[in-house]
Amino acid sequence: MAWLEVVEEKCVGCGACLTACPYEALAIKDTLAVVNDLCTLCGACVESCPYEALVLRKEGAAAAGGTLSDSRGVMVVAEQKRGVVQSVSFELLGVGRRLAEDTGAGLSAVLIGHDVVPQAKRLIAYGADRVFVFQSGALEQFNDEAYAKILARIIRAEKPEIVIAGATCIGRALIPRVAVELGTGLTADCTGLEIQEETRHLAQTRPAFGGNIMATILCTRHRPQMATVRHKVMRALVPDESRAGEVIEVPPAEGDLVTRARVLKSVEETAGTVNIAEADIIVSGGRGMRGSEHFSLIAELAKALGAAVGASRSAVDAGWVPYSYQVGQTGKTVQPKLYLACGISGAIQHLVGMQSSDIIIAINKDPDAPIFKVATYGIVGDLFEIIPRLTREIQRRRKVGS
Amino acid sequence: MNIIVCIKQVPDTTSVKLDPETRTLIREGVPSIINPFDMYAIEEGLRLKEKHGGAVTAITMGPPQADSALREAISLGVDEAVHLCDAAFKGSDTLATSYILAAGIRKLGAFDLILCGKQASDGDTAQVGPGIAMQLDLPQVVFVRKILELKDGRLTVERMMEEGYDVVELPLPALLTVTKEINEPRLPSLKGKMRAKKAALRTMSAAEIGADPARIGLEGSPTWVEKVFTPPHRGTGTVWKGEAEELVARLVAEIEKFKLG
């Protein structure tokens, strides 16, 4: 049983919650907030109340038999493509190491693929104590069913308290299947993972409503607590090749390799271009570029800087650049050292995808553009004047320097 | 071919604005829409039906007002609409939601294909589609950008990956989640709108789909929201105005600090 409680001693009937509620589920009656049937228990009003008069209540059911107490350790689901461990795995080990230390337990990793034992050592260098390796020719490419079965099996056997995986194309296909199989909770796209001091639960913070609000999610009665994290959100540790760890090769169960779907081929399309998720410098263009023909300004500046090209959703939706360039909530999360936003107004959906960049420079002619709220340096001006000059100047200095 | 499309009614997040003073959400007057990604799933379902025959059923779990999303789906050409509606569903997380939708789908009888949008624009989890597939023990492909072939009960599709795409083959029944690259959704026809107005929606409660009360709603949800807060504010930096030449000089000075030259 769960409900939204109005604490009568605290509620003054100010009505702040009425505007916060997306479902018209609140009304003010005799200077008290009242909740009607439309309430979905989303919790949006709880934050809006200046008097802390709204509380989400949940009648605590008994903890599921023993699963809380015998679960221990942190497990990272490593990701490989074409036999190479992807850097998101190292980032997960970075946060995993901290969580393992905070819970006083070990950090393990699971690596599924074909001929990947040599790669397991890299996971140890980045922080894993133990690496479980499942190898087979049938596992060379990602397979939703086989990978999910193997992962569920090792989680059942090892009973980790926490499982973290990448919010990647593979992770997003795989982990929900595993969570359903295990009947446990899963929180997507976490930007913060902390162990709560008192309860020892994993506080999982993620953006919601298109990044407009942040929500902290708990999974208090089930283990493991499962979370996905996007690439570039967490930082990897500096690898230590001398770190000791154990590589445990486990033969996959025959039945786990029998699947209905199969990959016929895997095609790389972006070969030869700078991947924006990995770039140190990104030059991004938005609606202010006014057309695909002007995106060459962005491309030239990017080339001069040795940077990758990015774009806002409006530029992608307008068809000026392909989706693979999109930065933001429905595109890629980036964390470059320098992010140059050109003609991007800074819708919240864009900001959540780039605001952890080290330095943000924004060029926009509208002084009130929200992008200036997150920019380290904001330039109010005409990008059609500024960008070509900037490109020329960078090119000139490069020549002089070389 | 029996196709089921799962849809969700969401607040139009693109029209959500922040109150500049309190930095809280202004949700007043924000319209409810069909999750934009689900529009591509509806369209793909209709195209498959037009090519291979059969029927398309839209299904949603949501409060009474989610009716309007189903009516919109009918106006686009969907044959049947099913509303899983019960106060007991409130507060369901992705695990409980996939359980409820799977139970509802089971109740509808035999099907060949389930289509979902790749994620909902309010929660952005992308967990319910693969969750339903697992609940119903179906093969799945997520982030499908193209259906290449449907022949002899087998589908061949392209799924998007970070660096390109995979071609995947799988037998029906199956579940796909689709991306916006897959098609261009149609607009409702006038005839469709008329039909939507009159159409009878099938509503099913928790009891009618045989849902276990312990697996639905907040009670059946392992995860729950402890607190909600406004994102931390990144400190406002320096803003420069002036002549282009001077601005460029300052910019170059900043960029030079990275020793890019």
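Each reported figure results from applying straightforward, stated rules to the coordinates on display, with no laboratory input. Model, not experiment: these values are computed from the prediction. Using ideal geometry, Cβ is built from the backbone for each residue, glycine included, and neighbour counts are taken over all protein chains shown.
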Query raised in the report: Taking square-rooted eigenvalues a ≥ b ≥ c of the alpha carbon gyration tensor, is segment A:122-187 rounded, prolate or oblate, where a/c under 1.5 means rounded and, failing that, a/b exceeding b/c means prolate?
Result: rounded
Query raised in the report: Which whole number gives the average count of other chain Cβ atoms within 10 Å of the Cβ atoms across peptide B:241-248?
Result: 6
**Report entry** Inter-chain Cβ neighbour average for residues A:180-187, partner chain, 10 Å
**Finding:** 6
Report summary line: Expected sort for A:316, A:238 with the fewest Cβ neighbours (10 Å cutoff) up front is A:238, A:316
Query raised in the report: Long-range amide H contacts for residue A:285: which residues qualify at under 5 Å (H placed 1.01 Å from N, peptide plane, sequence gap of 5 or more or a different chain)?
Result: A:310, A:311, A:312, A:342
Report summary line: If the chain between residue B:68 and residue B:149 were fully extended at 0.36 nm per residue, the gain over the current Cα-Cα distance would be 25.8 nm
Report task. For n ≥ 4 DSSP H runs only, could you compute -39500 (n - 2.57) per run for chain A, divide by its residues and tell me the 222 nm figure to the nearest 500? Result -> -8000 deg cm²/dmol
Requested in this report: For segment A:355-361, take each phi angle, set θ = phi - 60°, evaluate the Karplus expression 6.51 cos²θ - 1.76 cosθ + 1.60, and give the result in whole Hz per residue in order, putting x for glycine and proline.
Outcome: 6, 9, 4, 5, 10, 10, 10
Query raised in the report: Where does the longest stretch of chain B lie that holds no trypsin sites (Lys or Arg not before Pro) found in a DSSP loop with 15 or fewer other Cβ atoms within 10 Å?
Result: B:24-185
Query - segment A:187-227: GluC sites (Glu not before Pro) in DSSP coil with no more than 11 other Cβ atoms inside 10 Å - result: A:197, A:198
Query raised in the report: Taking chain B as a Gaussian network, Cα atoms linked when under 10 Å apart, which of B:65, B:140, B:119 shows the biggest mean-square fluctuation?
Result: B:65
Query - Local electrostatic count, residue A:232, Cβ distance below 13 Å [Lys/Arg +1, Asp/Glu -1] - result: -2
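Hey, got a sec? Which trypsin sites (Lys or Arg not before Pro) in segment A:234-287 land in a DSSP loop and have at most 12 other Cβ atoms within 10 Å?
Here the sparse-neighbourhood loop sites are A:235.
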Report task. Specify whether the C-alpha gyration tensor of chain A places it in the rounded, prolate or oblate class, a ≥ b ≥ c being the square roots of the eigenvalues: rounded for a/c under 1.5, otherwise prolate if a/b is larger than b/c and oblate if not. Result -> oblate
Query raised in the report: Reachable lysines from residue A:159, Cα under 18 Å, same-chain residues fewer than 8 places away excluded?
Result: A:149
Report summary line: residue B:81 neighbourhood, Cβ < 10 Å, K/R = +1, D/E = -1, net charge -2
Query raised in the report: Can you sort A:115, B:93, B:112 by how many other beta carbons sit within 10 Å, fewest first?
Result: A:115, B:112, B:93
Query raised in the report: Among A:294, A:222, what is the fewest-to-most ranking by other Cβ atoms within 10 Å?
Result: A:294, A:222
Query raised in the report: List the GluC sites (Glu not before Pro) in segment A:218-282 that DSSP assigns to loop (not H, G, I, E or B) and whose Cβ has at most 15 other Cβ atoms within 10 Å. Which are they?
Result: A:241, A:269
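Taking beta carbons within 10 Å but only from partner chains, what does the mean come to for residues B:126-137? Walk me through the numbers on the way to the answer.
Values: counts 10, 10, 1, 3, 11, 5, 2, 7, 10, 3, 0, 2.
Counting Cβ atoms of other protein chains within 10 Å of each residue's Cβ and averaging gives 5.
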Query raised in the report: What residue among A:139, A:182, A:264 shows peak mean-square fluctuation when chain A is described by a Gaussian network model with Cα springs under 10 Å?
Result: A:264
Query raised in the report: In chain A, which Cys residues have no partner Cys with a Cβ closer than 4.7 Å?
Result: A:11, A:14, A:21, A:39, A:42, A:49, A:169, A:190, A:219, A:342
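Could you list, in their original order, any pairs among A:265/A:399; B:151/B:180; B:49/B:198; A:337/A:399; A:332/B:191 whose Cα atoms are separated by more than 32 Å?
Beyond 32 Å between Cα atoms: A:265/A:399; A:332/B:191.
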